[in-house]
Each structure stands twice: as structure tokens, then as C-alpha cells.
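Below is one structure, written out as C-alpha cells; comments come after it.
The values are calculated or read from the model by the stated rules, or taken from the named source; none is laboratory data. Bear in mind that the values here come from a model prediction, so they are computed numbers and not experimental data. For neighbour counting, all protein chains shown are included, and Cβ atoms are generated from backbone atoms with ideal geometry for every residue, glycine included.
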Amino acid sequence: MSRFDRKTPGSSGRGALETSATSPIEKFSGPSTLRNHAKSCQSHLADGSLSHFPALRARYTFNMSCLYAATTSAGKLRDFRTAAQTCAVDIVPLPGIEAIPAPAEDGDTFLANAAVKAVYYSRFAPGELVIADDSGLEVDALGGAPGVRSARYAADAGLKDSPDANDNTDVWNNMLVLEKLAGIPPSLRTARYHCTLVAARDGHVVQVADGAVEGTILDAPRGTGGFGYDPLFYLPELDRTMAEIDLETKLRLSHRGRALATLLPLLLKVAPASP
């Protein structure tokens with residue numbers, strides 16, 4: 001049995017997570033009230049808002065000013081940085097990550113894949129915190145699919161471009177989702193973008209956090225912005241798809257940003273308090 005219970009594809013279940021009880025975050029320091037304030041700050045995140053973090057930045061100065069992200073994706077870095085800037089924490093790619101062979105991402109859950117990456121890449125930055133995520137679209141009527149296979153959903157079904165064609169991966173993925181949801185009424189087409197984010201140090205998991213944005217899947221694409229499943233992902237409260245909203249709104253709703261906004265207070269909770 002691995003450290004994580006195996007779940008069905010698309011499941012975001014935590015499984016049997018092994019954490020290290022002997023890996024405190026030495027870089028943090030601050031007054032003894034810091035943990036209580038972090039707990040209060042975390043409770044304000046239930047609605048996904050980041051507006052409560054400026055007070056945290058104004059009252060305390062952290063020794064930790066940087067987290068390494070195990071990604072070279074400009075989109076992921078943008079989402080993480082937007083969420084982290086209100087805590088005066090910078091998110092930068094792990095130095096030299098381009099030259100590091102990537103680990104296999106063959107887990108059945110977002111947690112399994114994110115943990116594999118965080119643990120693996122943290123060994124290339126001794127003593128530092130490294131974060132890694134896995135994320136995707138979960139459609140309830142499809143049992144949580146495409147889930148961890150979101151980027152490869154159509155390819156798994158044999159739908160892919162010829163070698164000399166333009167990359168139409170998003171088009172194929174969207175077409176397959178629509179095909180599988182044919183005949184499903186709008187009330188049953190609920191879905192979410194889900195992100196699991198793991199922080200690790202020296203090969204050990206330190207903390208885990210999740211973020212999500214809820215919506216429904218339309219029966220035809222709308223909008224020209226965004227990427228992936230954005231043209232199908234409808235936000236009822238805004239009467240827009242993810243492909244129709246502006247960048248500022250999208251960053252505010254980011255499932256990755258929400259996961260990081262939840263992770264930062266969790267890291268503070270395990271930080272040793274000053275005498």
C-alpha cells in the first residue's frame with residue numbers, strides 16, 4: 001500500500017496522507033499570537049476571498065518571503081503569485097527545474113500526483129519549501145471525470161491530432177465532454193475546477209490544501225478567452241463562462257489561487273511561536 005489510498009479517476013480524496021511531525025518550518029518567526037491570527041485568517045477564506053490578507057501583512061513580518069513552485073507554467077505562476085502577493089510572499093519557479101527530469105504523474109487522485117511532485121522536487125532544494133499542484137475539471141455526471149486526466153482526456157480515448165496538425169487538444173477534450181453529457185439536463189451538469197496543492201521540504205510532505213470553483217457545463221462553448229474547458233464552464237452567479245470573464249475576475253476565482261490562499265495560513269499554524 002502506498003502512502004495514499006488509491007481512488008477512482010477524478011476523485012480528489014485525500015487518502016492516507018503521511019506527514020512529517022518533525023519538519024517544522026524553521027524560516028517562520030513572529031509573536032506568539034501569530035498562530036491565532038493565522039487561524040482567524042483561514043476562517044475568512046471560506047468564500048474564496050483574498051481581501052483579508054492585507055491585515056496579516058501589515059501586522060507581521062515573515063522571515064519566509066519566497067516559496068519555490070515546481071512548475072514552469074506561466075499560467076500557474078500567475079495564479080499563485082496573485083494569491084500570494086497580499087502576504088508579501090513571492091512565488092518563483094524552482095531553480096533549474098527545466099533541467100530536472102519530471103517524475104511520473106500516474107496517480108489516481110490530484111493529491112497523489114501533487115504529493116509525488118512536491119516530494120520529488122523538494123529534494124533538489126534542501127531546506128526549502130517547494131509547492132506543487134495537480135488540478136483539473138470534475139464533472140459530477142461523469143463520476144468526477146475527466147479529473148486527473150483532464151489534459152489528456154481525449155487522447156486517452158484515441159482522439160488526437162496528426163503530427164503535422166496544429167494543437168487542437170482543447171477542442172478534442174471539449175468535444176468529448178459534450179459527447180458524454182449529451183442528453184443530461186442542465187441541473188445535473190454540475191462541475192468544478194479543483195486544485196490540490198502540496199508543500200514539501202526535504203522529501204517530506206508538510207501541508208496540503210485544496211481550492212475549487214463551482215459551475216456547470218454548457219451544451220455548447222461560449223467565449224474566446226481562457227483555455228482548456230473554460231468555454232464550457234459556466235459560472236451562474238456571473239452569467240458568464242470562464243472564457244467570457246476578464247483576467248482580474250478569473251484570477252480572483254482561480255482554484256489554484258484559492259488553494260494557495262488556504263495553504264499559507266496552514267503553514268503558519270505549524271510554525272514555531274516566538275517566546
Next item on the list: Could you check how many residues of the range 86-115 are in contact with a Phe, Trp or Tyr (Cβ under 9 Å, 6 or more places away or on another chain) and without any contact (Cβ under 8 Å) to a residue 24 or more places away in the chain?
Entry: 2
Checklist line | Residue among ALA84, ALA125, ALA118, ALA99 that is among the hydrophobic types (A, V, I, L, M, F, W, C) and closer than 20 Å to LYS250 by Cα | finding: ALA84
Item checked: Residue, surrounded by the most Cβ atoms within 10 Å (Cβ to Cβ), within the range 127-153, restricted to residues that are out of contact with any helix residue (DSSP H, G or I) (no Cβ under 8 Å at 6 or more places or on another chain) and at pLDDT below 95 -> ARG152
Checklist line | First in the range 197-218 and under 18 Å from LEU77 (Cα atoms), second anywhere and polar (S, T, N, Q), Cβ under 6 Å, 6 or more apart | finding: ALA199/GLN207; ALA200/SER122; ALA209/THR262; ASP210/THR196
Item checked: Subset of the range 221-246 [within 23 Å of GLY143 (Cβ to Cβ) and among the aliphatic types (A, V, I, L, M)] -> LEU232, LEU235, MET242
Notebook entry, point to check: If you go through the range 72-120 one residue at a time, how many are closer than 24 Å to LEU266 by Cβ, among the charged types (D, E, K, R), at pLDDT 90 or above and not in a loop (DSSP other than H, G, I, E, B)?
Noted result: 5
Note to self: Take the residues in the range 198-218 that are acidic (Asp, Glu) and either more than 23 Å from CYS66 (Cβ to Cβ) or in contact with a strand residue (DSSP E or B) (Cβ under 8 Å, 6 or more places away or on another chain) (or both); name whichever of them is surrounded by the most Cβ atoms within 10 Å (Cβ to Cβ).
What the structure shows: ASP210
Next item on the list: Scan the range 252-272 and give yes if some residue there is surrounded by 15 or more Cβ atoms within 10 Å (Cβ to Cβ) and over 30 Å from VAL119 (Cβ atoms), otherwise no.
Entry: yes
Next item on the list: Specify which of the listed residues (SER122, SER73) is buried (at least 23 other Cβ atoms within 10 Å of the Cβ) and closer than 17 Å to VAL198 by Cα.
Entry: SER122
